[in-house]
Amino acid sequence: MLASLYVGQILVSIALVATVLFQLRGGGIGGIFGQADSVYRTRRGIESTLLKLTVILIILLVGFAVLAATQA
């Protein structure tokens, strides 16, 4: 049981690192394609989805950590 919690924690942490790396500082996803980042704008589309996915993955990672700590 404990080993499966550790594997789950590793997989969630890898997914979390990937989602954070996809979020560019400032320009967001549009910065990859040359969009100017000097204009204030809200998160839309994939940027909003990445933010929500990041929050969900953080909650999962904390949950796995708490479960692993109570099992040990």
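Among the residues of the stretch 1-23, those identified as closer than 16 Å to Leu51 by Cα, small (Gly, Ala, Ser) and touching a residue at least 12 places away in the same chain (Cβ under 8 Å) are Ser13, Ala15. When Val66 is tested against (1) part of a helix (DSSP H, G or I); (2) at pLDDT below 95; (3) surrounded by fewer than 14 Cβ atoms within 10 Å (Cβ to Cβ), only condition (2) is not met. Evaluating Leu51 against the criteria (1) out of contact with any Lys or Arg (no Cβ under 8 Å at 6 or more places or on another chain); (2) modelled with pLDDT of 90 or more; (3) not hydroxyl-bearing (Ser, Thr, Tyr) leaves one unmet condition, (1).
In the stretch 6-19, the count of residues that are loosely packed, with under 15 Cβ neighbours inside 10 Å, of a type in the set (Ser, Thr, Tyr) and at pLDDT 90 or above is one or more. Checked against the criterion of being polar (S, T, N, Q), at pLDDT below 90 and either loosely packed, with under 10 Cβ neighbours inside 10 Å or assigned to a helix (DSSP H, G or I) (or both), the stretch 25-46 contains one or more residues that satisfy it.
The values are calculated or read from the model by the stated rules, or taken from the named source; none is laboratory data. The structure displayed is predicted, hence computed values, not measured ones. Cβ: placed from backbone, ideal geometry, glycine included. Neighbour counts: every protein chain shown.
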